[in-house]
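The values are calculated or read from the model by the stated rules, or taken from the named source; none is laboratory data. Everything numeric in this text was worked out from a predicted model, so none of it was measured. No Cβ is skipped: glycine too gets one built from the backbone with ideal geometry, and neighbour counts run over all protein chains shown. Protein only, heavy atoms only, side chains kept; ligands, DNA and RNA dropped before computing areas. Shrake-Rupley method; radii C 1.70, N 1.55, O 1.52, S 1.80 Å.
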Amino acid sequence: MKVVKNIGFLQNEVAKLKKNGKTIGFVPTMGYLHEGHLSLIRRARKDCRVVVVSIFVNPMQFGPREDFKRYPRDMNNDVSLCRMYTDILFLPNAKTMYSDDFLTTVEVSRIGDIFCGASRPAHFKGVTTVVNKLFNIVLPDVAYFGQKDVQQAIIIKQMVKDLNMPVKIKVLPIVREHDGLAMSSRNSYLNNREREEAIALYRALILAKQLVSKGTINCHVVISKIRSLIKKVKTARIDYIGIVNPKTLLPLKTITKEALVLLAVFIGKTRLIDNTIIRRR
Ligand code: AMP
């Protein structure tokens, strides 16, 4: 595994690989790697001749009062986790990614302004801008994202389509802890009690599935029932709960075929997100 910090150096490496017809699979991350990240990296390893992983805690996608400074980092562990599956580990720093005269951003409207975009106003602009830069540097054939950040995945697919970017986006399932909590680097912020209470997000999604399978298809009713379930947890504060079309993120009134249930909940000071797709036959 080559560890590369310099953008120009990586672009030279990529040019050589492309010239030799190698397919490049790319997994962008912010590090503090867990099984969720590794599922993407392993899949890239299966699909592609060359696997590039990036670790970059992107300052542009954090709001001024968010957790950029304290975001968990463990570079030594990340490097050793990547080693088995990765050909190139790209570790740029903020100065090289955003020079002092940096002026250009990429923004996806409407679907970037709702749910997480409403709670974190500059977040998706930061995400799409950095993913754009990373795609231009790595020139991947396939890029891998997690269903865990479903709105992010939908926004990136939209950007790739709208801007005719020559990359295939693959979205892989959410990897969960034994009790159902979606794996996340931010779970490390939770104390023991919060960790137990965080299971409320998963329980809410399971309840939504059960309600629909028993015939409750009115989204308003489903949302109010899962809201009550989460409210029973003292340290929980709901940011949003939505039931939407999984492709457009437009709200649904009733669940007829396919619906995406997505939610964001603060457990203490930690904001967690989770989602599930409900399919009716
Ligand atoms: P992050 O490091 O949080 O920016 O995540 C990097 C990539 O890993 C994103 O595409 C995430 O959606 C994905 N990811 C994070 N957590 C999980 C998980 N529990 N299961 C599957 N993919 C995940």
For segment 203-239, which residues satisfy the criterion of being under 18 Å from T256 (Cα atoms), open to solvent by 80 Å² or more (accessible area, probe 1.4 Å) and within 25 Å of the chain's Cα centre (by Cα)?
K209
Here the qualifying pairs (Cβ atoms under 9 Å; residues six or more apart or on different chains; first in segment 16-41 and on the phi > 0 side of the Ramachandran plot and more than 6 Å from the ligand (Cβ to nearest atom); second open to solvent by 30 Å² or more (accessible area, probe 1.4 Å) and among the hydroxyl-bearing types (S, T, Y)) come out as Y32/S188
3 or more residues surrounded by 15 or more Cβ atoms within 10 Å (Cβ to Cβ) and within 22 Å of the chain's Cα centre (by Cα): qualifying strands (runs of 3 or more DSSP E) within segment 1-108:
24-29, 50-55, 88-90
Index of the failed condition, T248 passing every other in (1) of a type in the set (V, I, T); (2) surrounded by 15 or more Cβ atoms within 10 Å (Cβ to Cβ); (3) assigned to a loop (DSSP other than H, G, I, E, B)
(2)
I'm told L252 meets every condition in (1) at pLDDT 95 or above; (2) more than 20 Å from Q158 (Cβ to Cβ); (3) of a type outside the set (G, A, S) except one. Can you identify the failing condition by its number?
(2)
If I filter segment 153-176 down to residues being part of a helix (DSSP H, G or I) and touching a strand residue (DSSP E or B) at 6+ places or on another chain (Cβ under 7 Å), which single residue comes out as farthest from the ligand (Cβ to nearest atom)?
V160
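This table checks each residue for (1) modelled with pLDDT of 95 or more; (2) within 19 Å of P251 (Cβ to Cβ); (3) aliphatic (A, V, I, L, M); (4) in a helix (DSSP H, G or I).
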site	(1), (2), (3), (4)
S188	yes, no, no, yes
R193	yes, no, no, yes
Y202	yes, no, no, yes
L205	yes, yes, yes, yes
A208	yes, yes, yes, yes
L211	yes, yes, yes, yes
T216	yes, yes, no, no
V221	yes, yes, yes, yes
L229	yes, no, yes, yes
Could you look through segment 181-202, keep only residues that are open to solvent by less than 40 Å² (accessible area, probe 1.4 Å), within 11 Å of the ligand (Cβ to nearest atom) and not hydrophobic (A, V, I, L, M, F, W, C), and pick out the one that is nearest to G31 (Cα to Cα)?
S185
